[in-house]
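The values are calculated or read from the model by the stated rules, or taken from the named source; none is laboratory data. Everything numeric in this text was worked out from a predicted model, so none of it was measured. Counting neighbours? That spans all protein chains shown, and the Cβs are built from the backbone with ideal geometry, glycine included. Each accessible area value is taken on the protein alone, full model and side chains, heavy atoms only, with ligands, DNA and RNA left out. Shrake-Rupley method; radii C 1.70, N 1.55, O 1.52, S 1.80 Å.
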Amino acid sequence: MPFIPHTPADVRSMLERIGAASIDELFDEIDPALMGADFGAIDSGVDEMTMLAELAASARQDETGPCFIGAGCYDHHIPAAVWDIASRGEFLTAYTPYQAEASQGTLQLIYEYQSMMIALTGMEVANASVYDGGGALAESVLMAVRANRRAKGVDLHHVAIAGACHPHYVDAAASIVRNQGIAVDRLDFGRDGQACLDALDAAGAPAAVVVQQPNFFGLIEPVDDIVRIAHERGALVIAVVNPLALALLKPPGEWGDRGADIVCGDGQPLGIPMASGGPSFGFICTRRSHVRQLPGRIVGRTTDRAGRPGFTLTLQAREQHIRRGKATSNICTNQGLLVTAATIHLALMGADGLRRAAAGSHAKTGRLVRELTAIEGVSQRFAAPFFHECVIDLGQPADPVAATLADAGLLAGLPLERYYPELANCLLVCATEKRTEAEIARFGTALAGALGR
Amino acid sequence: MTAGKTIYDIGRTGRSAASQHTPSGDVAALPSACLRSTPPQLPEVSELQAVRHYTGLSAKNFAIDRQFYPLGSCTMKYNPRGAHRAASQPGFLNRHPLAPATVSQGFLACLHDLQEVLKAVTGMAAVSLTPMAGAQGEFTGVAMIRAYHDARGDRDRREIVVPSAAHGTNPATATMCGYTAREVAVGADGDVDMEELKAAIGKHTAGIMLTNPSTCGVFERRILEISDLVHDAGGLLYYDGANLNAILGKVRPADMGFDVLHTNLHKTFATPHGGGGPGAGPVAVNERLLPFLPTPWVERAENGGYRWVDETARPQSIGRLSAFMGNAGILLRALAYARMLGREGMTRVGEYATLNANYLMARLRDAGFQLAYPDRRASHEFIITLRQEAKQWGVTAMDFAKRLLDYGFHAPTTYFPLLVAECLLIEPTETETKEELDAFADAMQRIREEAERDPELVKTAPHSLPIERLDDVKAARELDLGGPPG
């Protein structure tokens, strides 16, 4: 019996104490019509060794060569210590720190995490995580609508996406906020791939304007202008950011006239393996004046009876377990362990290590773009400066080319036709600091071969 | 010694973990206006300092690996290391979420296998694995209920009925789906009050959210009657799988009449709770709700290969809920656990979780504690009320909870469900030994004696942890939510 420790003698004496003749008798309040279902479709169990061998075979089946896909999930170096420590049973097998005295490890760590996220984003407060980048955008939209509900002349049923924001984030946000009567309007991007300021000008007065920096195409957006225009119309600004890029780029708290109002994104670049896209974690930071609209856990520092500093969950009157139907969100369990990993990652990397990973990725992608555009007929689709992703135009449909390269063991980037039919010839490529000169050269050779050049 | 100090406190300007400094690169191509003027204020520590600091913090946590953790409704059972190992293999960790399906067949096969297991244990027709936690599963389920009514042009249904004992996520979910939560009372026997329920159900009812066994720790005996009542009124039934562990391999939610449900893989399928996640809350539906399942999910093609099902194939889907495929790594851990259990093992989970709960309930009853529902069987959990102790000695349920920490046990869930005064909701799970349960019962008995003899001792507990009781009022009034120093 895997993981069940009872001996026959245990069972006998336990039933005796209960006053029941058998374990079956403990289910005697359940209508017999409900019992006796057939679970035969489930195989019999196997030992750990056999299970590991089975899953190892599945895992091995999917091993590929170098990955040049980014699009919200990136193959960065993770210091060995990050998961060695995050996987300790004391972090792995604890739960939400409701009993503060027995959870000071997790609570202090979250407080440190909040401090680091505040430093990266230039905002005033951070929550302790939400599910992922898509969920973070959804919660940020709901939060912006609540926070802006008293503004005059603002349409609380619309938020506008300025330019190319990750289509999966926008889809997830739209699915989640739709039922509260909020529409997510996708504004066109310009010919240069950046947000179109004229489209924003024409968008009326949405409750919030969303801008991703760098955008889905990897391009640097004119965020100062976007923030100014949005604020002039009474909209709050939601910045969707890559936290690694913030080691290099101007923090959203300093954008435009008075900074972004809500900053969100996905924490995967901070020490989280790609792992098919999850678990990762979402983050939300904001101004102090909006803290009561923040969803999710928040940790504060206080003192104990003896005056010693300690940490505890705070402002819980926002949350579902207290507020029920009037809570800011239904969110409960989310991504604690990933925040643990990210905090250790940030502590180990420091500002210098993080900046090097960001600048190194930027430089490697530049090198990749030179390699690929040296092939006849291959060009950079948008001329605007990029961070560590770039749209490459192959001059012919990109989907079959990517499939050919994948079969050859090289993940050549993301074909964009599915999201933007007009970009059917384009691949979104990314080279992190981990990609080597040899891998980049291999990509060039393989692409030239696939294109018959 | 770093006691009480944060990672910032132990750093020094100019110090770093230099082996993490990878080669930098030229950023001249980026316009200077978009660059930050000063580096972010992150900690400046050596690698050893960081390792020691966070290892030290870990030691300040209670965890299943160290303590009995009978947190009601949370199913804090052993999290097998083998499952963790299985999901941590390079082929899984290094797989990009957008890798083409042709080079993802191993992963897709795993997801498909898990979908099939969940279909079998719930009796449902189809499963989507994308929800990332129980609460997101609830959202998904109620959003599907709404999509179902909307697709039929049945737009006057505005209410979701929830019992007063329900978890807070139930009413919060109803609100997020644009519905109003209507609470109905629970009777003295722990079952939903049928008269009140009948009065609440009508043409405005979109559906009902139920946990069964309920958060009162008892099996809702009139579930088939409730199912007929709600269905006859045109509503649908949502099963909150928070307590599925109690009936795993014994009773299928589909047979109780539910149309849609979520399971908490971090409870029933033993994936680690991680200090507050990650979890996973896959949803399962019957045929009626199948068109609305969230994307993506996995199906098997005629040629035996696996492929993603997305919105193009399912235009009525409520759509995408996460950036990629939810908490994929948790799904793999759950599959590994299910493989080790097999069908016989699953049945034993429900049986031994129930045995342990009923045994511990009997021990506490014999020690003089008052049960909230003394005439009922426990499911996998049960409630005691410390109303008498609070009245007689001024020692509350929270005081008992804090004193238990001194005895080396994590506290049960306190003050939930809200309808039982001074309550502790206790869930031992099937992976605990009889000796552990006996030790817990003994500790409870001793605390009760202390409460009578020296109430101050209990009211000021804990006494043996790194800190004593915290000032929560100060935490909320004088907000210190962090931020870089200086």
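Filtering segment A:238-263 to residues that are over 23 Å from B:Gln41 (Cβ atoms) and either buried (at least 24 other Cβ atoms within 10 Å of the Cβ) or touching a Pro at 6+ places or on another chain (Cβ under 9 Å) (or both) leaves only A:Ile238. Only a single criterion out of (1) part of a helix (DSSP H, G or I); (2) over 21 Å from B:Thr414 (Cβ atoms); (3) within 7 Å of another protein chain (Cβ to nearest Cβ) is not satisfied by A:Ala306, namely (1). Tallying residues that are closer than 25 Å to B:Thr75 by Cα and of a type in the set (A, V, I, L, M) within segment A:78-95 yields 4.
Just to be sure, is A:Asp38 more than 7 Å from chain B (Cβ to nearest Cβ) and more than 30 Å from B:Glu351 (Cβ to Cβ)? Steps first, please.
On the way: more than 7 Å from chain B (Cβ to nearest Cβ): yes; more than 30 Å from B:Glu351 (Cβ to Cβ): no.
In short, no.
Give me the residue from segment B:347-383 that is aliphatic (A, V, I, L, M) and crowded, with 24+ Cβ neighbours inside 10 Å and, out of that set, farthest from the other protein chains (Cβ to nearest Cβ). So, considering only residues that are aliphatic (A, V, I, L, M) and crowded, with 24+ Cβ neighbours inside 10 Å, the one farthest from the other protein chains (Cβ to nearest Cβ) is B:Ile383.
Within the group B:Asn243, B:Asn264, which residue is touching a helix residue (DSSP H, G or I) at 6+ places or on another chain (Cβ under 7 Å), touching a residue at least 24 places away in the same chain (Cβ under 8 Å) and not aromatic (Phe, Trp, Tyr)? Steps first, answer last, please.
Values: B:Asn243 fails: touching a helix residue (DSSP H, G or I) at 6+ places or on another chain (Cβ under 7 Å).
Residue meeting the stated conditions: B:Asn264.
For (1) within 22 Å of B:Phe107 (Cβ to Cβ); (2) in contact with a Leu (Cβ under 8 Å, 6 or more places away or on another chain), each residue gets a yes or a no:
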position: A:Met51; (1), (2): yes, no
position: A:Leu55; (1), (2): yes, yes
position: A:Gly65; (1), (2): yes, yes
position: A:Met116; (1), (2): no, yes
position: A:Val130; (1), (2): no, no
position: A:Gly134; (1), (2): yes, yes
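If the condition is being in contact with a helix residue (DSSP H, G or I) (Cβ under 7 Å, 6 or more places away or on another chain) and among the aromatic types (Phe, Trp, Tyr), then segment A:409-442 contributes only A:Tyr419. Residues that are under 30 Å from B:Ser46 (Cβ atoms), open to solvent by 10 Å² or more (accessible area, probe 1.4 Å) and not assigned by TED's automatic domain parsing to the domain that holds A:Glu319 occur in segment A:64-75; there is at least one.
Taken over segment A:309-328, the criterion of being assigned to a loop (DSSP other than H, G, I, E, B) and more than 7 Å from chain B (Cβ to nearest Cβ) is satisfied by A:Glu319, A:Thr328. Find the residue count for segment A:215-231, including only residues that are closer than 16 Å to A:Lys250 by Cα and in contact with a Leu (Cβ under 8 Å, 6 or more places away or on another chain). Residues flagged as closer than 16 Å to A:Lys250 by Cα and in contact with a Leu (Cβ under 8 Å, 6 or more places away or on another chain) within segment A:215-231 amount to 5. When the criteria are applied in full, A:Thr373 fails the requirement of being open to solvent by 10 Å² or more (accessible area, probe 1.4 Å), more than 7 Å from chain B (Cβ to nearest Cβ) and at pLDDT below 95.
Residues checked against (1) within 12 Å of chain A (Cβ to nearest Cβ); (2) more than 30 Å from B:Glu430 (Cβ to Cβ); (3) in a helix (DSSP H, G or I); (4) over 18 Å from the mean Cα position of the chain (by Cα):
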| site | (1), (2), (3), (4) |
| --- | --- |
| B:Trp308 | yes, yes, no, yes |
| B:Ile318 | yes, yes, no, yes |
| B:Ala323 | yes, yes, no, yes |
| B:Leu332 | yes, no, yes, no |
| B:Ala336 | yes, no, yes, yes |
| B:Leu341 | yes, no, yes, yes |
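For the residues B:Ala86, B:Ala147, B:Ala101, B:Ala143, the requirement of being in contact with a Cys (Cβ under 6 Å, 6 or more places away or on another chain) and in contact (Cβ under 8 Å) with a residue 24 or more places away in the chain singles out B:Ala143. Return the residues of segment A:120-143 that are open to solvent by 10 Å² or more (accessible area, probe 1.4 Å) and at the interface with chain B (Cβ under 7 Å from one of its Cβ atoms); say none if nothing qualifies. Hit for segment A:120-143 is A:Tyr131, nothing else. For segment B:179-225, a residue qualifies if it is touching a strand residue (DSSP E or B) at 6+ places or on another chain (Cβ under 7 Å), away from chain A (no Cβ under 12 Å) and aliphatic (A, V, I, L, M), and the qualifying residues are B:Val184, B:Val186, B:Val192, B:Leu197, B:Ala200, B:Ile201, B:Ile208, B:Leu210. When you scan segment B:281-296, do you find a residue that is within 7 Å of chain A (Cβ to nearest Cβ) and open to solvent by 20 Å² or more (accessible area, probe 1.4 Å), even just one? Within segment B:281-296 (the criterion being within 7 Å of chain A (Cβ to nearest Cβ) and open to solvent by 20 Å² or more (accessible area, probe 1.4 Å)), the answer is no, since none of the residues qualifies. Among residues of segment A:159-179 that are over 20 Å from A:Ile331 (Cβ atoms), those with a beta-carbon under 6 Å from a residue that is basic (Lys, Arg) and open to solvent by 10 Å² or more (accessible area, probe 1.4 Å) at least six positions away or on a different chain give the pairs A:Ile161/A:Arg186. The number of residues in segment A:383-409 that are in a loop (DSSP other than H, G, I, E, B) and buried (at least 22 other Cβ atoms within 10 Å of the Cβ) comes to 3.
Name the residue, out of A:Leu107, A:Leu92, that is touching a residue at least 12 places away in the same chain (Cβ under 8 Å), within 7 Å of chain B (Cβ to nearest Cβ) and at negative phi. It would help to see each step written out before you state the result.
Numbers: A:Leu107 fails: within 7 Å of chain B (Cβ to nearest Cβ).
Of the residues listed, the single one that is touching a residue at least 12 places away in the same chain (Cβ under 8 Å), within 7 Å of chain B (Cβ to nearest Cβ) and at negative phi is A:Leu92.
Keeping to segment B:409-437, report how many residues are at the interface with chain A (Cβ under 10 Å from one of its Cβ atoms), touching a residue at least 24 places away in the same chain (Cβ under 8 Å) and open to solvent by 20 Å² or more (accessible area, probe 1.4 Å). Residues meeting the conditions: 7.
The residues in segment B:253-273 that are part of a loop (DSSP other than H, G, I, E, B) and under 24 Å from B:Pro428 (Cβ atoms) can be counted, and the count is 10. Counting only helices (runs of 4 or more DSSP H) that sit completely within segment A:49-150, those holding 2 or more residues that are farther than 20 Å from A:Leu294 by Cα correspond to A:80-86, A:89-92, A:104-121. For segment B:169-200, the tally of residues that are without any contact (Cβ under 8 Å) to a residue 60 or more places away in the chain, part of a loop (DSSP other than H, G, I, E, B) and crowded, with 21+ Cβ neighbours inside 10 Å stands at 3. B:Ala334 meets the stated requirement of being of a type in the set (A, V, I, L, M) and open to solvent by less than 10 Å² (accessible area, probe 1.4 Å).
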